[in-house]
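Visitor: Dropping a structure here in structure tokens format, bear with me for questions.
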Amino acid sequence: MFSLLVAAGLHLSACTLPGSGVDVGGDLKLLYAPFSLSNPPKYWQYNHQTNASTPSQSPSAALEWQDKDGKIALAARPAAGPFELGRRTNILVLASPYLSFDWQQNSTAQVGDVELVLGFRLQDQGDWAENDLGTGKPPTDHTVRIPVGNSQVTYGQWQREYFDLAGVYRRYWPDAPGDEVRLVWIGVASGKDKLAAVTSVTYLTQILLSR
């Protein structure tokens, strides 16, 4: 069950991402600091549309940065319109097995209003260049959507989740060579099959890929 999986890591020898915020310990930090959603940094992409039923909402209202309980968090309001914010990566899964992130939901949010989106691709070492990840969302062999939330967690409480990417890899490619499976996309999106309440807010912060 994907809700039992957790945390992701970057091994610098596996993939060095220029301008990505990779620190000396080999970690890749995402959503630790605000950036412009109208003009995202290199490798990031933000797609959204405004629901016709909520014309008063601005196009960027589905996502916005907030200071929440002393944390810099991304506030997601799926009812404002479908969205996906993500980043291209090219990470060898077996060398970078862990993903973690913090989340909080308000009293009207439900599990699956927001999903974590992971894109995996089989590719040989010679099929890519570290400094040329390209733009936009890359093609994937498998996309895994993990619902954010837990009905047993009291609303208003921060919760940390950990995911084992190697476990996800083994689920889809039990017989594939470990040196060919890469995480090429990580993002957050409105629930694919979920109609969120108008006042639903899910907060996300401190997404971290680590060893």
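Visitor: Using the crude model of +1 on Lys and Arg Cβ and -1 on Asp and Glu Cβ, and no other charge, please compute the dipole size for the stretch 60-211 relative to its Cα centre, in debye to 20.
Guide: About 340 debye.
Visitor: Here is a follow-up. By the scheme Lys and Arg +1, Asp and Glu -1, what is the net charge of all other residues having a beta-carbon under 12 Å from that of LEU74?
Guide: So the environment of LEU74 carries a net charge of 0.
Visitor: Which of the listed residues, SER151, PRO139, TRP185, is farthest toward the dipole's positive end in the stretch 133-211, when Lys, Arg count +1 and Asp, Glu count -1 at the beta-carbon?
Guide: Ranked along the dipole, the leading option is SER151.
Visitor: Continuing with the same structure: Which net charge results for the neighbourhood of PRO34, defined as the other residues with beta-carbon distances under 14 angstrom from its beta-carbon, given Lys and Arg at +1 and Asp and Glu at -1?
Guide: Residues close to PRO34 contribute a combined charge of +1.
Visitor: Rounded to the nearest 10 Å², what accessible area does ASP164 show when all protein chains are kept and the probe is 1.4 Å?
Guide: We get 50 Å² for ASP164.
Visitor: With unit charges on the beta carbons (Lys and Arg positive, Asp and Glu negative) and the dipole taken about the Cα centre of the stretch 95-211, which residue among ALA196, TRP173, PHE120 sits farthest to the positive side?
Guide: ALA196
Visitor: Please work out how much length the chain gains when fully extended from TYR162 to GLN66, using 0.36 nm per residue of separation minus the C-alpha to C-alpha distance, in nm with one decimal.
Guide: Working it through step by step, the gained length comes to 32.3 nm.
Visitor: Another question about this same structure. Within the set of other residues whose C-beta is less than 14 Å from the C-beta of VAL188, count the net charge using Lys and Arg as +1 and Asp and Glu as -1.
Guide: Once positives and negatives cancel, what remains is 0.
Visitor: Where in the stretch 84-105 is the amide nitrogen less than 17 Å from a point lying 7 Å along the Cα-to-Cβ axis of PHE35?
Guide: From the stretch 84-105, the list is 84-91.
Visitor: Figure the gain on full extension for GLU180 and ARG145 (residue separation times 0.36 nm, minus the Cα-Cα span) and round it to one decimal in nm.
Guide: Result for the pair: 10.5 nm of gain on full extension.
The values are calculated or read from the model by the stated rules, or taken from the named source; none is laboratory data. Just so it is clear, the structure is predicted and the values come from calculations on it, not from any experiment. Note that we place each Cβ from the backbone using ideal geometry, even for glycine, and neighbour counts take in every protein chain shown. Surface areas here come from the heavy atoms of the whole protein model, side chains and all, with no ligands, DNA or RNA. Shrake-Rupley method; radii C 1.70, N 1.55, O 1.52, S 1.80 Å.
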